[in-house]
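Down below is the structure, laid out as structure tokens.
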């Protein structure tokens, strides 16, 4: 009777590998991410880009999923007040929770080429990709360093 469970477990593991390598490193417990307040991250793509154009900023797009353990590591970094404050100086924050892997989720993944989770994509207000961070960033300093490097090459229009 244990055979169906093994097959189901193998199918589940294959599914997770197929959706983009979102797996936790062995032997390392996933950090418990603070929940990022929903009112700070936009979830409406059109409104986020309109706000970016109006405010002279770029857009940062965060792809996440509830079942993605590495996403929780990135969420923990993005939830830090100092990091979020620095992000919002030059970027309008936009998040896509693709936990359901719906057709709309898959369309967004294709549009932004977010084939691996976690993915943080920096985009101009006109929709051009400026840079990206695919996978886990180990520290807030590493994240901010990469973000600053993108801004050095592509300053926000209002900075």
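The values are calculated or read from the model by the stated rules, or taken from the named source; none is laboratory data. Please read all numbers here as calculations on a predicted model, not as lab measurements. Note: ideal-geometry Cβ built from the backbone for every residue, glycine included; neighbour counts use all protein chains shown.
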Mind telling me which of the residues 78, 130, 101 ends up being over 18 Å from residue 40 (Cβ atoms) and either crowded, with 19+ Cβ neighbours inside 10 Å or touching a helix residue (DSSP H, G or I) at 6+ places or on another chain (Cβ under 6 Å) (or both)?
-> 130
Could you give every pair whose Cβ atoms fall below 6 Å, whose first residue belongs to region 93-113 and is over 21 Å from residue 147 (Cβ atoms), and whose second residue is part of a loop (DSSP other than H, G, I, E, B), counting only separations of at least 6 or pairs across chains?
-> 98/65; 99/65; 99/66; 105/98
Can you spot a residue in region 127-138 that is out of contact with any strand residue (DSSP E or B) (no Cβ under 9 Å at 6 or more places or on another chain), at pLDDT 95 or above and over 17 Å from residue 85 (Cβ atoms)?
-> yes
Every listed condition ((1) modelled with pLDDT of 95 or more; (2) more than 20 Å from residue 40 (Cα to Cα); (3) not in a helix (DSSP H, G or I)) holds for residue 62 save (2)
